[in-house]
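If you scroll down you'll find the structure; I have some questions about it.
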Number of protein chains: 2
Amino acid sequence: MMSESFSNPEELLKKYISFPSISADSNYKAGLSGAREFVVHLLEELDFHVEIVETPLHPIVLAKRHGDPTWPHIIIYGHYDVQPADPLNLWSSSAFHAEVRGHRLYGRGAADNKGPQIVHLCALANLLKKQPDLPLNITYLIEGEEEIGSPSFSQFLKDYQHDLSRADFVLVSDTCIPSEDQVVITTGLRGLVSLEVELTGPKSDLHSGLHGGPVVNPIRALADLCSSLHTEKGLVNIEGFYEDVLPVEDWEREELLKFPGSVDEYKEFLDVDAFFPPDGYSVHESVRFAPTLEFNGFGGGYQGEGTKTVIPSKAFVKISCRLVSNQESKKIEKLVKEAIESRVPAGIRANIKVHGEGNPYVVIPPNKPNTPEGQVQAMVDAFKSAEKRIAEVFGKKPLYLREGGSVPIIADLKDVAGLDSVMIGLFTPEDNLHAPDESFDLNIMKKGILTFEKIIGDLAGV
Amino acid sequence: MMSESFSNPEELLKKYISFPSISADSNYKAGLSGAREFVVHLLEELDFHVEIVETPLHPIVLAKRHGDPTWPHIIIYGHYDVQPADPLNLWSSSAFHAEVRGHRLYGRGAADNKGPQIVHLCALANLLKKQPDLPLNITYLIEGEEEIGSPSFSQFLKDYQHDLSRADFVLVSDTCIPSEDQVVITTGLRGLVSLEVELTGPKSDLHSGLHGGPVVNPIRALADLCSSLHTEKGLVNIEGFYEDVLPVEDWEREELLKFPGSVDEYKEFLDVDAFFPPDGYSVHESVRFAPTLEFNGFGGGYQGEGTKTVIPSKAFVKISCRLVSNQESKKIEKLVKEAIESRVPAGIRANIKVHGEGNPYVVIPPNKPNTPEGQVQAMVDAFKSAEKRIAEVFGKKPLYLREGGSVPIIADLKDVAGLDSVMIGLFTPEDNLHAPDESFDLNIMKKGILTFEKIIGDLAGV
């Protein structure tokens, strides 16, 4: 039944990357369906019963290998969509024709999230080869809209809530670790609100000599607006933005002190000569514990070579906020929109579009000072197995840290289906997520497959 | 000797526009040489002796029809280069395949400056047909770098200073009139400094989740920088910027009150609901008498559809300042550069490129309270003839107004060769200069040819 394809994870990953599954861009429908069909094919090879759940955009893959309902039941989550690949000219090799250089495999989605999915699937294939009757209920959930904020996932959760809430917890590998030998079990994710603001001044571009003076330039209006959104101390300058931010636990700050790598090494890695964390947070803390309002792109007016002396008609900015517990994305979305609307000057019209949003998430592992009572036993077992097996394979105990990234559906799974997540990171900062030359470390891939085979085995009690 | 081509000015202009002579973009060399050769051909048809003066970029056409050195001697100036045509999708017809709709001819360069050049050439052709021995020395100067700030013109002026300074004055039609029946004799032009600032933060685009917090986002740094360049009252916020600005003459403010069109009509024309002139200037005054610092284009980060949650590596802005007498462009360039450099935050590197610059210019017509002593007689005659002939043909006396646009070489001609300019406007705001759907009014073209035939005839005393 099971093909030999799982014995070559590197080739599997190359093939998966070859489908340009960019969810943000409507020109990539074929890439999305190709990636989806590829992962469906692998799940079917592992004897999963696969259902394709249609959504307004990119369908969700829901796959089940269910047996005795008294067995533990895990959900494994991943996403088959990827970030856009531009600027393409900064890639050293083709973004969708993966290439191995050294111990890395380069391609868009290599680390986020196709590589980690191949790790899970190969670990499971190896285990099922040895234990075809593995006493574990497994539900696979692979979505296609993660990189655009999972807009269809809440409706899916509502529709399948009854089904999904029977599971014990969710296993995810879509978070970051600091280095090849230091795995992190991620205990929190930032939420996200992303929106776009377009400002319009005059009805068309104007000659800046014949009209420059009285006309409100949309670029200037946008610069003023953007500049107004942070204080001089780097905090987000919107009333109420920090209102619901929870204080950081002492053990979290202590755990972070074990984090390898100094601020100077971090500077060197990014090639910057200074950092500017918001007031009250250290450099490393600000990524994990502080909310942000970030500008992801802006544009307006003449973009070509040399000069063109125009006052442009329009200017836009793409904004995303990262949120921390217990900020609510809907509330922050409203605050940001209202702040922007109230700061648009006369002479300019604003159009604000919300692209997506999701709540932040925190899970407190077993045996911490504030661990909640009555955690699900299978999840407690998973945390314990993970700590042990990671130490065995990687040579070091994992750290328990919140992370700066967002996987918005993790909070949704908790809010709607009552499911917590055990998040075991597999990619490193060197993997260049969301950037040119994204890659995945083949050593981590190998060790990851071994680790997950053991953890899943532990959960099944085999 | 003279072909019939001058009898169809509309066809001549269509042909001239068909050469895409975009000086800002190095991809348009062929369009520039095509336009240059076309105008050379026309001058040769009118028996001019043509010299092509090489420059580092686009050669200058220098053409002479000289006779008795005691005749009056005029220089006629124009430029064969045009602005870039983008955004191309906003044009109703092809930018370089001119089309007549109603009484307008649409195409890039129709009004700026190819149409007015065709007016001069046809007027001269008509006159020379009647008076082949016209007792007037004429030097034609047609450059190809006006739209990028004429970077080669100063060197040309130095090289040909002796030659050019023998002329009496310069005749130019590269300025604006408010309507089809109200011609303006332009008494001043704003100067120009244009530059580009590129800010670099991290060495490549970063995942805004994994790194958002401590990293200084170049878009935010650029927004702060741009926002800092104006005060809340709309004045340029750079120390010393206004230091050399001359007070406006009373007669200039009074002349401006005769200007047709209300502020409400201007709002409606541009489709804006409010203006924001700098403190101390009315809406109409600010265009003509106030210096500006304008953002012509900016960009950075993700430009595609939807969202991409990156912190970009780079962001840029294109800036141009319009200057008024007696601001000096070199001094303003230095002030602006220094202000920008001093405002770049830690964590960001700035690269500033200057694209071009030119001084502002003022000429006071005869019989005004502060008219200087000893103005050149031929120029005084030209002002008088222009006032009379414009009134005859257009039905209204011209207004004497400074204008917001820049023709940097006009100040250079004064500074280096001692030549003042008589500037008779021929295009209107409806002509959409530097913008999509640029056009030229064919009624003005017709009346302009008649007017210039009479003025040039008057100067020659025929």
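The values are calculated or read from the model by the stated rules, or taken from the named source; none is laboratory data. Only a predicted model underlies this, so the values are computations on that prediction, with no experimental measurement involved. Methodologically, a virtual Cβ is constructed for each residue, glycine included, from the backbone with ideal geometry; neighbour enumeration extends over all protein chains shown.
Every residue, every condition in (1) of a type in the set (Val, Ile, Thr); (2) within 14 Å of chain A (Cβ to nearest Cβ); (3) on the phi < 0 side of the Ramachandran plot, yes or no:
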{"residue": "B:Gln377", "(1), (2), (3)": "no, no, yes"}
{"residue": "B:Val380", "(1), (2), (3)": "yes, no, yes"}
{"residue": "B:Gly405", "(1), (2), (3)": "no, yes, yes"}
{"residue": "B:Asp420", "(1), (2), (3)": "no, no, yes"}
{"residue": "B:Pro429", "(1), (2), (3)": "no, yes, yes"}
{"residue": "B:Leu433", "(1), (2), (3)": "no, yes, yes"}
{"residue": "B:Asp437", "(1), (2), (3)": "no, yes, no"}
{"residue": "B:Ile456", "(1), (2), (3)": "yes, no, yes"}
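For A:Ala24, state whether it is farther than 14 Å from A:Lys114 by Cα and either within 14 Å of chain B (Cβ to nearest Cβ) or not hydrophobic (A, V, I, L, M, F, W, C) (or both).
Judged against the criteria, A:Ala24 is a match.
Another question, if that's okay. Scan the range B:358-416 residue by residue and report those that are within 29 Å of B:Gln155 (Cβ to Cβ) and among the polar types (S, T, N, Q).
Once the filter is applied, which keeps residues that are within 29 Å of B:Gln155 (Cβ to Cβ) and among the polar types (S, T, N, Q), the range B:358-416 yields B:Asn359, B:Gln375, B:Ser406.
Picking from B:Glu198, B:Glu232, B:Glu239, B:Glu243, which residue would you name as being of a type in the set (Asp, Glu), more than 7 Å from chain A (Cβ to nearest Cβ) and under 25 Å from the mean Cα position of the chain (by Cα)?
Every option except B:Glu243 fails the conditions.
Separate question: Hey, B:Gly78 hits all of (1) more than 14 Å from chain A (Cβ to nearest Cβ); (2) of a type outside the set (A, V, I, L, M, F, W, C); (3) without any contact (Cβ under 8 Å) to a residue 24 or more places away in the chain; (4) at negative phi but one; which does it fall short on?
Looking at each condition in turn, B:Gly78 falls short on (3).
Let me ask you something else. Looking only at the range A:254-265, filter to residues that are in contact with a helix residue (DSSP H, G or I) (Cβ under 7 Å, 6 or more places away or on another chain) and assigned to a helix (DSSP H, G or I); which one of those is surrounded by the most Cβ atoms within 10 Å (Cβ to Cβ)?
At the first step, the residues of the range A:254-265 found to be in contact with a helix residue (DSSP H, G or I) (Cβ under 7 Å, 6 or more places away or on another chain) are A:256, A:259, A:263.
Subset that is assigned to a helix (DSSP H, G or I): A:256, A:263.
Details: A:Leu256: 19, A:Val263: 13.
Only one residue tops the list, namely A:Leu256.
Regarding the range A:98-105, can at least one residue be identified that is in a loop (DSSP other than H, G, I, E, B), without any contact (Cβ under 8 Å) to a residue 12 or more places away in the chain and of a type in the set (Gly, Ala, Ser)?
There is at least one residue in the range A:98-105 that is in a loop (DSSP other than H, G, I, E, B), without any contact (Cβ under 8 Å) to a residue 12 or more places away in the chain and of a type in the set (Gly, Ala, Ser).
I've got another one for you. Considering only residues of the range A:288-302 that are out of contact with any Phe, Trp or Tyr (no Cβ under 8 Å at 6 or more places or on another chain) and more than 19 Å from A:Glu333 (Cβ to Cβ), which is nearest to the other protein chains (Cβ to nearest Cβ)?
Selected residue: A:Tyr302.
Quick one: would you say A:Lys158 is assigned to a helix (DSSP H, G or I) and surrounded by fewer than 20 Cβ atoms within 10 Å (Cβ to Cβ)?
For A:Lys158, the condition - assigned to a helix (DSSP H, G or I) and surrounded by fewer than 20 Cβ atoms within 10 Å (Cβ to Cβ) - is met.
Among the strands (runs of 3 or more DSSP E) lying completely within the range A:271-368, list those that include at least 1 residues that are in the same structural domain as A:Leu210 (by TED's automatic domain parsing), free of Cβ contacts under 8 Å to residues at least 24 places away in the same chain and buried (at least 20 other Cβ atoms within 10 Å of the Cβ). Walk me through it before giving the result.
On the way: elements: A:292-301, A:314-323, A:349-358.
It comes to A:292-301.
Listed here are the residues, each with its yes/no results for (1) outside the structural domain of A:Ala123 (by TED's automatic domain parsing); (2) in contact with a Phe, Trp or Tyr (Cβ under 8 Å, 6 or more places away or on another chain); (3) assigned to a helix (DSSP H, G or I); (4) of a type in the set (S, T, N, Q).
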site: A:Ala24; (1), (2), (3), (4): no, no, no, no
site: A:Gly34; (1), (2), (3), (4): no, yes, yes, no
site: A:Pro56; (1), (2), (3), (4): no, no, no, no
site: A:Asp86; (1), (2), (3), (4): no, yes, no, no
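Being outside the structural domain of A:Val197 (by TED's automatic domain parsing) and modelled with pLDDT under 95 is true for just one of A:Lys267, A:Lys258. Which residue is that?
A:Lys258 is the lone residue from the list that is outside the structural domain of A:Val197 (by TED's automatic domain parsing) and modelled with pLDDT under 95.
Which one is surrounded by the fewest Cβ atoms within 10 Å (Cβ to Cβ), of the residues in the range B:102-147 that are under 20 Å from B:Gly425 (Cβ atoms) and among the basic types (Lys, Arg)?
B:Arg104
Somewhere in the range A:214-223, is a residue farther than 29 Å from A:Asn296 by Cβ and touching a residue at least 24 places away in the same chain (Cβ under 8 Å)?
Of the residues in the range A:214-223, the ones farther than 29 Å from A:Asn296 by Cβ are A:214.
Now drop any that are not touching a residue at least 24 places away in the same chain (Cβ under 8 Å), which leaves none.
No, that holds for no residue.
Further question: What number of residues within the range A:387-404 are buried (at least 19 other Cβ atoms within 10 Å of the Cβ) and in contact with a strand residue (DSSP E or B) (Cβ under 6 Å, 6 or more places away or on another chain)?
Count: 6.
So which residues in the range B:393-426 are closer than 20 Å to B:Ala123 by Cβ, in contact with a Ser or Thr (Cβ under 8 Å, 6 or more places away or on another chain) and either among the charged types (D, E, K, R) or in a strand (DSSP E or B) (or both), if there are any at all?
Those that are closer than 20 Å to B:Ala123 by Cβ, in contact with a Ser or Thr (Cβ under 8 Å, 6 or more places away or on another chain) and either among the charged types (D, E, K, R) or in a strand (DSSP E or B) (or both): B:Met423, B:Ile424.
Restricting to the range A:56-96, count the residues that are crowded, with 16+ Cβ neighbours inside 10 Å and either among the small types (Gly, Ala, Ser) or farther than 28 Å from A:Glu45 by Cβ (or both).
Of the residues in the range A:56-96, 8 are crowded, with 16+ Cβ neighbours inside 10 Å and either among the small types (Gly, Ala, Ser) or farther than 28 Å from A:Glu45 by Cβ (or both).
Considering each of A:Ile118, A:Ile142, A:Ile138 in turn, give the residue that is closer than 15 Å to A:Leu46 by Cβ, in the same structural domain as A:Gly31 (by TED's automatic domain parsing), among the β-branched types (Val, Ile, Thr) and assigned to a helix (DSSP H, G or I). Break it down into steps so the answer makes sense when it comes.
Numbers: A:Ile142 fails: assigned to a helix (DSSP H, G or I); A:Ile138 fails: assigned to a helix (DSSP H, G or I).
Step by step, each of A:Ile118, A:Ile142, A:Ile138 is checked, and only A:Ile118 is closer than 15 Å to A:Leu46 by Cβ, in the same structural domain as A:Gly31 (by TED's automatic domain parsing), among the β-branched types (Val, Ile, Thr) and assigned to a helix (DSSP H, G or I).
Right, here's the next one. State whether the residues of the range A:180-202 include one that is part of a strand (DSSP E or B) and over 28 Å from B:Ser208 (Cβ atoms).
no
Which one is farthest from the other protein chains (Cβ to nearest Cβ) among residues in the range A:256-270 that are in contact (Cβ under 8 Å) with a residue 60 or more places away in the chain and on the phi < 0 side of the Ramachandran plot? Quick ask: steps written out before the conclusion?
Here is the first cut: in the range A:256-270, the residues in contact (Cβ under 8 Å) with a residue 60 or more places away in the chain are A:256, A:258-261, A:269.
Within this subset, residues satisfying the condition of being on the phi < 0 side of the Ramachandran plot are A:256, A:258-260, A:269.
Values: A:Leu256: 13, A:Lys258: 19, A:Phe259: 13, A:Pro260: 15, A:Phe269: 9 Å.
Step by step, filter the range A:256-270, then rank; the result is A:Lys258.
Here are the criteria: (1) in a strand (DSSP E or B); (2) of a type outside the set (Lys, Arg); (3) more than 10 Å from chain B (Cβ to nearest Cβ). Tell me which single one A:Ala125 does not satisfy.
Just one mismatch for A:Ala125, condition (1).
Can you name every residue in the range A:258-309 that is among the β-branched types (Val, Ile, Thr) and under 21 Å from B:Ile348 (Cβ atoms)?
Correct list: A:Val263, A:Val272, A:Val283, A:Val287, A:Thr292.
Follow-up question, since we're still on this one. From the list B:Asp458, B:Asp415, which residue is among the acidic types (Asp, Glu) and either closer than 25 Å to B:Glu294 by Cα or at pLDDT 95 or above (or both)?
B:Asp458
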